[in-house]
Amino acid sequence: MQEPDLFKIFTNRLNQAGITYFVTGAVASMIYGEPRLTHDIDIVVELTEEGTQGLVQVFPSEEFYCPPVEVIRVESKRSLRGHFNLIHQETGFKADVYLMGEDRLHHWAMSRRRQIKLSGQDFWIAPPEYVILRKLEYYREGKSEKHLRDIASMIELSGDEIDLQELLSKITDYSLEREWEKARKQAGLDPPTRGPVDASTR
């Protein structure tokens with residue numbers, strides 16, 4: 001199965017159920033940056049009670065692992081870090097589904113999500129600033145260089161889509177300045193500085 005089909009397995013059904021969501025994580029960084037292999041997709045969703053029922057209906061047990069509706073309700077009530085998995089049984093592809101809760105960054109990104117078309121299908125993707133911020137957080141937590149490489153790739157290939165002022169504001173809010181400097185160096189922006197994400201040009 002080709003990589004774009006990974007998106008459609010999950011996003012088409014979320015669209016069908018009318019669920020508010022955006023794709024983030026590795027898939028989003030691939031779209032804004034360089035493609036790489038992944039069998040997982042990260043999705044942030046905003047679920048109402050009606051949406052919970054609709055989600056269970058569009059991910060039937062004969063095709064997917066989907067948690068019982070009671071489990072989804074419990075996770076939906078968490079103020080932070082609500083989470084569950086969906087797994088496509090035929091391929092083993094997995095969706096990590098994160099609930100909006102009271103996470104301010106989730107809410108900020110949801111208000112800025114973008115609708116794009118890939119492989120003939122529409123789906124919603126996180127803004128690039130959010131993807132970068134989350135990867136900076138992941139780098140701070142685990143020190144994995146892959147997050148810096150992903151950020152560097154996004155800057156190189158989608159730098160003109162990044163709102164630098166908004167990104168820098170959020171970097172300050174979440175105390176990610178040190179991690180951002182490492183990402184800048186990975187991207188070859190420091191020194192010398194260049195390109196649309198160069199703070200000296202704004």
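Read the figures in this text as sums done on the coordinates, not as results from a lab. Just so you know, these numbers come straight off a predicted model, no measurement behind them. Using ideal geometry, Cβ is built from the backbone for each residue, glycine included, and neighbour counts are taken over all protein chains shown.
Coupling constants for the stretch 108-117 follow from the phi torsions by the Karplus curve (6.51 cos²θ - 1.76 cosθ + 1.60, θ = phi - 60°), and in residue order they are 4, 5, 4, 6, 10, 4, 10, 9, 10, 10 Hz; glycine and proline get x. Computed about its Cα centre, the charge dipole of the chain is approximately 400 debye, with only Lys, Arg, Asp and Glu carrying charge at their Cβ. One decimal place: the segment Arg36-Ile87 gains 16.3 nm when fully extended, by the rule 0.36 nm per residue minus the C-alpha distance. Of the options Val74, Trp180, Tyr98, report the single residue whose Cα projects farthest towards the positive end of the charge dipole of the chain (beta-carbon charges: Lys, Arg +1; Asp, Glu -1). The residue sitting most towards the positive pole is Trp180. Basic side chains Lys and Arg get +1 at the Cβ, acidic Asp and Glu get -1 at the Cβ, and with that the dipole of the stretch 44-92 about its Cα centre reaches some 320 debye. A simple charge model with +1 on the Cβ of Lys and Arg, -1 on the Cβ of Asp and Glu and nothing else charged puts the dipole of the stretch 129-188 at about 380 debye relative to its Cα centre.
Beyond 19 Å in Cα-Cα separation lie the following of the pairs Lys146/Lys185; Lys135/Lys185; Lys135/Lys170; Lys135/Lys182; Lys146/Lys182; Lys8/Lys77: Lys8/Lys77.
Helix content alone sets the calculated 222 nm mean residue ellipticity of the chain: runs of n ≥ 4 DSSP H residues at -39500 (n - 2.57) each, divided across all residues, give -14500 deg cm²/dmol.
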